[in-house]
Structures are given as C-alpha cells and as structure tokens.
1. Could you identify the single residue in Gly109, Gly20, Gly57 that is under 30 Å from Phe156 (Cα atoms) and at pLDDT 95 or above?
2. Looking at region 35-47, is at least one residue at pLDDT below 85, part of a loop (DSSP other than H, G, I, E, B) and either exposed (fewer than 13 other Cβ atoms within 10 Å of the Cβ) or among the β-branched types (Val, Ile, Thr) (or both)?
3. In region 8-60, how many residues are among the hydroxyl-bearing types (Ser, Thr, Tyr) and farther than 14 Å from Val145 by Cβ?
4. Could you list all residues from region 119-131 that are surrounded by 19 or more Cβ atoms within 10 Å (Cβ to Cβ), part of a helix (DSSP H, G or I) and among the hydrophobic types (A, V, I, L, M, F, W, C)?
5. So which residues in region 98-157 are within 18 Å of Ile88 (Cα to Cα) and β-branched (Val, Ile, Thr), if there are any at all?
6. Residues being closer than 24 Å to Ile75 by Cα and either in contact with a helix residue (DSSP H, G or I) (Cβ under 6 Å, 6 or more places away or on another chain) or not in a helix (DSSP H, G or I) (or both): count how many of those fall in region 132-157.
7. In this structure, is Phe142 surrounded by 13 or more Cβ atoms within 10 Å (Cβ to Cβ), aromatic (Phe, Trp, Tyr) and at pLDDT below 95?
8. Scan region 71-84 and give yes if some residue there is modelled with pLDDT under 75, surrounded by 13 or more Cβ atoms within 10 Å (Cβ to Cβ) and under 14 Å from Cys120 (Cβ atoms), otherwise no.
Amino acid sequence: MDVSWLIGVFGVYFGSFIVGFVGGLIPITITEIFLVGMSLFAPKEFLIPIILLSVLGQMVAKSLFYFAGRGIVKIAIKKDDKSFEKTIKKFKKWENKTGPLIFFAGVVGVPPLYITSILCGSFKINYFKFLVWGGTGRLIRFAIVVLFPQLIKTIFF
C-alpha cells in the first residue's frame, strides 16, 4: 500500500501551518509568497485547508505577541519604532472600536498586525475578540492571496 500521497498531503498542510506561524513572527510577507505558490501549484482541493492552516499558524504567532503585550510571554519588543507610536495613538482614538481596527490590520496590514497584537495585549483587549477580529481579517487576506491567482489562471489559461 503506497501512502506517499498521504505524507505529501500532511506535509503540505503542516508546512502551511509552519509558514503561517513563521510569517506571523517575522513581519515580512513570506506567508503570502508561499500562498501564491500553493495557489499556482497545489491541487484545488488543498487550497481551503492551506488557507485555514496558514491563518491558524499566523494567529498562534500573533498570540505570542498578544501575550507579550500582557507581560505573560517575554520577547524582545522594539517599542521605540515610529509605527508603534502611531498605532498607540490609533488605539487610544479607537478605544471602544478596536475590533474593526484589529480586523483592518488583519486584512490590510495597516497598522501592522505585529504591533496591533502587542497593543491588544497591552490594552487588555479581550483575547477572544482579538482572535476573532484578527483571524477573520487574516482569513480574508489569505483567501484573496490564494484565490486571485486562481482567477487569473481561469481567465487567461
């Protein structure tokens, strides 16, 4: 019985989680690059699980920053960054409407979800609220990143 296809499937899924996690720790777009590649080369039935596992990996990583903001997890945070200061001002301005701000950071990356995650912890935003708004934002972002190349392939190829 050949189970190499099963190993390949789990490898792709595990890889999606790991790339999402690492991409969530390092504020660069490696997750998006990975997702475009998966969109172009992975079978279509793999795409939804790849998106979901990448979001899960991202939110696990962002949770570490959230808990660092709460002081529960110790990590090196560069708080003298100008974008950090701008995000603090936005948080204070949006004090009762942080959900949409977290969502926007998840979809667009402005303010950076990296910084937003730390501030959510610092401002003691409800963790479930943080996960739902941020995760939904990332889900939309990653779905667009995966489905756009599929649309282009369908139209032109």
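1. Gly20
2. No: region 35-47 contains no residue that is at pLDDT below 85, part of a loop (DSSP other than H, G, I, E, B) and either exposed (fewer than 13 other Cβ atoms within 10 Å of the Cβ) or among the β-branched types (Val, Ile, Thr) (or both).
3. Here the count works out to 1.
4. Leu119, Cys120, Phe130, listed by residue number.
5. Once the filter is applied, which keeps residues that are within 18 Å of Ile88 (Cα to Cα) and β-branched (Val, Ile, Thr), region 98-157 yields Thr98, Ile102, Val108, Val110, Ile115, Thr116, Ile118, Ile125.
6. Total satisfying the criteria: 4.
7. no
8. Scanning region 71-84 turns up at least one residue that is modelled with pLDDT under 75, surrounded by 13 or more Cβ atoms within 10 Å (Cβ to Cβ) and under 14 Å from Cys120 (Cβ atoms).
The values are calculated or read from the model by the stated rules, or taken from the named source; none is laboratory data. A quick note: this is a predicted structure, and the numbers were derived from the prediction, not measured. Reconstructed Cβ throughout: ideal geometry from the backbone, glycine too, with neighbour counts over all protein chains shown.
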